[in-house]
1. Applying the selection to region 144-164, what residues are out of contact with any Gly (no Cβ under 7 Å at 6 or more places or on another chain) and in a loop (DSSP other than H, G, I, E, B)?
2. Given the condition more than 16 Å from the ligand (Cβ to nearest atom) and among the aliphatic types (A, V, I, L, M), answer yes or no: does some residue in region 116-135 qualify?
3. Of all residues in region 252-268, count the ones that are more than 16 Å from the ligand (Cβ to nearest atom) and farther than 17 Å from residue 149 by Cβ.
4. Contact list please: Cβ distance under 8 Å, first residue in region 19-47 and of a type in the set (Gly, Ala, Ser), second residue in a strand (DSSP E or B) and surrounded by 11 or more Cβ atoms within 10 Å (Cβ to Cβ), pairs at least six apart or on different chains.
5. Could you tell me whether region 172-191 includes any residue that is under 28 Å from residue 304 (Cβ atoms), touching a residue at least 60 places away in the same chain (Cβ under 8 Å) and either of a type outside the set (Gly, Ala, Ser) or open to solvent by 50 Å² or more (accessible area, probe 1.4 Å) (or both)?
6. May I ask you to list the residues in region 102-124 that are of a type outside the set (S, T, N, Q) and over 19 Å from residue 273 (Cβ atoms)?
7. Given the conditions (1) modelled with pLDDT of 95 or more; (2) open to solvent by 10 Å² or more (accessible area, probe 1.4 Å), which single one is not true for residue 295?
8. State yes or no: is residue 414 of a type outside the set (Val, Ile, Thr), open to solvent by 20 Å² or more (accessible area, probe 1.4 Å) and touching a residue at least 24 places away in the same chain (Cβ under 8 Å)?
Amino acid sequence: MNDEQKHHLKDIDRTVVWHPFTQMRDYADEDPIIISHGDGVYLVDIDGNHYLDGFSSMWCNVHGHRVAEIDCAIRAQLDRVAHSTLLGLSNIPAVQLAEKLVQIAPRGLSRVFYSDSGATAVEVAVKMAFQYWQQRAHPRRKKDTFLHLTKSYHGDTMGAVSVGGIAHFHSVYRPLLFSSISAPVPHPYRCEHCNGSCDKTCFGTLEKIIAEHADRLAAFIVEPLVQGAGGMLMHPPGYLKYAAELCDKYDVLLIADEVATGFGRTGKMFACEHENVTPDILCLGKGLTGGYLPVAATLATDEVYNAFLGDYAEMKTFFHGHTYTGNPLGCVAALATIEKFETDRTLEKLQYKIAYLAKQLQRFRDFTHVGDVRQTGFIVAIELVLDRKNKTPYPFEDRTGHRVCDVARENGLLIRPLVNTVVLMPPFAITKREIDHMLDIICDAIIAVTEGDERWHEEFL
Ligand SMILES: Cc1ncc(COP(=O)(O)O)c(C=O)c1O
């Protein structure tokens, strides 16, 4: 590609493409990065710059880019058929993937409903739970609301936003949403509710809220262990198990949204496994296809599924579907991704990388403007603060997190902040040396943005 072609692409990108979650007035002033190809844990732009994919292309890449086994599976499927719908018929990869998902998911989840993004997997779960209560055999109850945690994120479709709790994303749409109930996120570093003893106070609060609303609560929807877009807020151990027990006790469905945590991210295949929990409904997306193609899935128990069975005229059918439901190319990518977990012993090897990362992260703990360093499996969050002692956040408009990520990008690392929290979620294929490289870049970027040139100068002397 010559320079003129590159300039043309960049111009069109700035003037025609509307990017998600992006203030386009700022974007129009930037020199956009346009990715040309990928290679392992790296992405390469049209100018030939290599970037370590430190956010796994929006938390979805698993084994790296251009993985031979996944590429081959997709190419082979292309020689058969690219797409055929699941409305009224089936296709080979969709059937095989459903069988595989039931095998690897927490025991008891026996039915697989496909869709095409994390948000639609949640949308399906919410509609399923709502309809379940109207149709289950005994006793039928009109349960018409949902419980979610503050700062939760479940995607951007209206149902998913209705059970979301991030004010700066969601409040503008409030008049369009159905009402839901929220419980405080148990997040020890910044618990709005209990000053850090979440195991006692926040657990108790959850029970109070569930007990009070049990008659109306169709489901409690939760991101197990880690609330992603809300800032990588990590729940204390035992919270998920406790929530599952409460849902059982008060006859409320539990929806586990593992769109971000599923497929190894927390160190186990699913976050629910850490606490031995089987939700009634499980939402999967992102890593399901290795980060290759938009296939998502909502898994349900027999108990939920059976409520939808009946005579045709009873209208118990689950009236939901998408054109690309069960897309064969995406399903073979998912099958190859899961198979690679097994053949490469990915999760076993990941444990060493998780431990190594934990050790190397120690260096950030003494930084003047690092308030908290959190890690669950291969999810890392470094929260930047103006004042460590008082945990004073940087003003939103300072874009401190963004500026750190901009510096990292200039030095060859792609990451995206969550306000002032720097997030690291590299593909599992990353090597020890690449982890070091990633951390060196972040380290320099944080110092450069939060401490300016002073510290460099001191170290140099
Ligand atoms: C927990 C969770 N649920 C749902 C979604 C939405 O997924 P998608 O962007 O594929 O719609 C996300 C996306 O980040 C997520 O983190």
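The values are calculated or read from the model by the stated rules, or taken from the named source; none is laboratory data. Being a predicted model, the structure only gives us computed values, none of them experimental. All Cβ positions, glycine included, derive from the backbone under ideal geometry; neighbour counts span all protein chains shown. The area values use the complete protein model at the heavy-atom level, side chains included, leaving out ligands, DNA and RNA. Shrake-Rupley method; radii C 1.70, N 1.55, O 1.52, S 1.80 Å.
1. 144, 156, 157, 163, 164, listed by residue number.
2. Looking for residues that are more than 16 Å from the ligand (Cβ to nearest atom) and among the aliphatic types (A, V, I, L, M), one finds none in region 116-135, hence no.
3. Looking only at that region, the number is 2.
4. Every condition considered, the pairs that remain are 36/44; 36/45; 38/44; 38/53; 38/65; 40/65.
5. No.
6. 111, 113, 114, 116, 118, 119, 122, 123, 124
7. Failed condition: (2).
8. no
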